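Written out below as structure tokens is the structure these notes cover.
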Amino acid sequence: MKQLLCILIAVFSFCVAQAEPVFYRASYFSYKCLEDNECWTSWSDWEDSKILISFDVEKEVIKVYSEQDQRYVIVEVNEQYKDKQGGEQCEMTVVDQDGDVGVIRLRIQKNSVAQLYVEFNNIMWVYSGLRPIQ
């Protein structure tokens, strides 16, 4: 699974380090919520962001250093696919620091903008404009 994850991240234009985490900075952030267990809200307006995100291929962990730090252990790489808008996506099942199971999708849009979607049963958020920190 570690090799597959390395390949997937490389496919999405990320520079993969062998033993150390790779860090990215997000430029924007948006979210949406499930209301009354029925309908999803629209995506919020994009907010400027300087959130740091790390990919640790060796430990199979993704960390998001936001107001509340988020830690996602990759349980399974589900699928890779091209979406209707022509973007490339990789979907993974993850477990967060509270033991909740969710999905993370790495997406590269046709215009090469990298995004990280985090999805749980009642909320979704996306970090966009990921750029490597060197």
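Extension gain, Ser42 to Glu58: 0.36 nm times the residue separation minus the Cα-Cα distance gives 2.2 nm. The local environment of Phe120, defined by Cβ-Cβ distances under 12 Å, has a net charge of -3 under the rule Lys, Arg +1 and Asp, Glu -1. Compared with the dominant Cα axis of the chain, that is its longest principal axis, helix 2-11 is turned about 70°.
Of all the stretches in the chain, which is the longest one without any exposed loop site, taking chymotrypsin sites (Phe, Trp or Tyr not before Pro) in a DSSP loop (any state but H, G, I, E, B) with at most 14 other Cβ atoms within 10 Å? It runs 47-119. Here the calculated FRET efficiency for Ile123 and Lys82, from their Cβ-Cβ distance with R0 = 25 Å, stands at 0.45, rounded to the nearest 0.05. If R0 is 35 Å, the Cβ-Cβ spacing of Arg71 and Asn111 corresponds to a FRET efficiency of close to 0.70. Percent of C-alpha pairs per 5 Å bin in the chain, short distances first: 2, 10, 20, 25, 23, 14, 4, 2, 0. Within the same chain, lysines fewer than 8 places from Lys84 are excluded, and of the rest, those with a Cα less than 19 Å from its Cα are Lys110. Taking every DSSP helix (H) stretch of at least 4 residues in the chain, weighting each as -39,500 (n - 2.57) and dividing the sum by the residue count yields a mean residue ellipticity at 222 nm of -2000 deg cm²/dmol.
Bear in mind these aren't lab numbers, they're just calculated from the coordinates by the rules spelled out. Because the structure is predicted, anything quoted here is derived from the model rather than measured. FYI the Cβ positions are ideal-geometry reconstructions off the backbone, even for glycines, and counts take in every protein chain you see.
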